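Structure first, then comments.
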Amino acid sequence: MDLVLSSKDFVLLKQILERYISNLRMEIADTDNASWRKEMHEDEDRAKQMLARLEAAQPAGEAAAEQEQL
């Protein structure tokens, strides 16, 4: 699946994931239920992987600008 984002959308999505991960860590720390904590850790891992893939990518505008320079 390909997802094309503008530069502004790229930055916003990155910020949303970073905030989600931060908030999830606080929820994990405050949760006494072991099964919920396990699920939240799995969600955190997935969100971190998504953020890493996003950070490795470039917004569509930047990729197009680089192609034009070549």
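Nothing in this text is a laboratory measurement; each read-out follows from the coordinates by a stated rule. Worth saying up front: this structure is predicted, and the values here are computed from it rather than measured. Here the Cβ positions follow ideal geometry from the backbone for every residue, glycine too, while neighbour counts run over all protein chains shown.
In this simple spin-label model, placing a label point 7 Å from the Cα along the Cα-to-Cβ direction at both Glu44 and Asp2 gives a separation of 3.5 nm. Subtracting the Cα-Cα distance of Gln58 and Val11 from their residue separation scaled by 0.36 nm leaves 15.9 nm. Backbone amide hydrogens, once placed in the peptide plane, bring Leu5 within less than 5 Å of Ala60, excluding anything fewer than 5 places away on its chain.
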